[in-house]
Amino acid sequence: MASETEKTHALLQTCSTESLISSLGLGVFCLVADRLLQFSTIQQNDWLRAVSDNAVHCVIGMWSWAVVIGIKKKTDFGEIILAGFLASVIDVDHFFLAGSMSLK
């Protein structure tokens, strides 16, 4: 069981300058990506829209998890990649609900 001092230290680390800057960067990325995905070139092509949206989900998942855990060791990259993968496959449920693999 962690002591109160250890818990306080861990909490303070989550509010580090790096964490706050990374979180701000993530927010900016989300806003920019949302605007880019609205371009008519992307919206007119079903496959490009699906791949772009999925790629954005992947990046957001990876970036979010990197902020949460803070990258301290090499093995953290495996977790970050897994978070990106899980964030990408989250759209699969749309195909199941639609009962079709069609993008329309």
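Read the figures in this text as sums done on the coordinates, not as results from a lab. Because the structure is a prediction, the values reported are computed rather than measured. Cβ placement follows ideal geometry from the backbone for every residue including glycine, while neighbour counts extend to all protein chains displayed.
Extension gain for the segment LYS72 to LEU31, taken as residue separation times 0.36 nm less the Cα-Cα distance, is 12.0 nm to one decimal.
Charges were assigned to the Cβ only: +1 to each Lys and Arg, -1 to each Asp and Glu. The resulting dipole of the stretch 1-85 about its Cα centre is roughly 140 debye.
The phi torsions of the stretch 82-88, fed into the Karplus equation with coefficients 6.51, -1.76 and 1.60 and a -60° offset, translate into couplings of 4, 4, x, 4, 5, 5, 6 Hz, rounded to whole numbers, with Gly and Pro shown as x. Per-residue 3J(HN,Hα) values for the stretch 57-67, derived from phi via the Karplus relation 6.51 cos²θ - 1.76 cosθ + 1.60 with θ = phi - 60°, read 4, 4, 5, 5, x, 5, 5, 4, 5, 4, 5 Hz in sequence order (x marks Gly and Pro). What would the Debye formula give as log10 I(q)/I(0) at q = 0.22 Å⁻¹ for the alpha-carbon point model of the stretch 4-98, no solvent? Evaluating at q = 0.22 Å⁻¹ gives log10 I(q)/I(0) of -1.13. In plain terms, the chain from THR5 to ILE21 could stretch by 3.2 nm, reckoned as 0.36 nm per residue minus the Cα-Cα distance.
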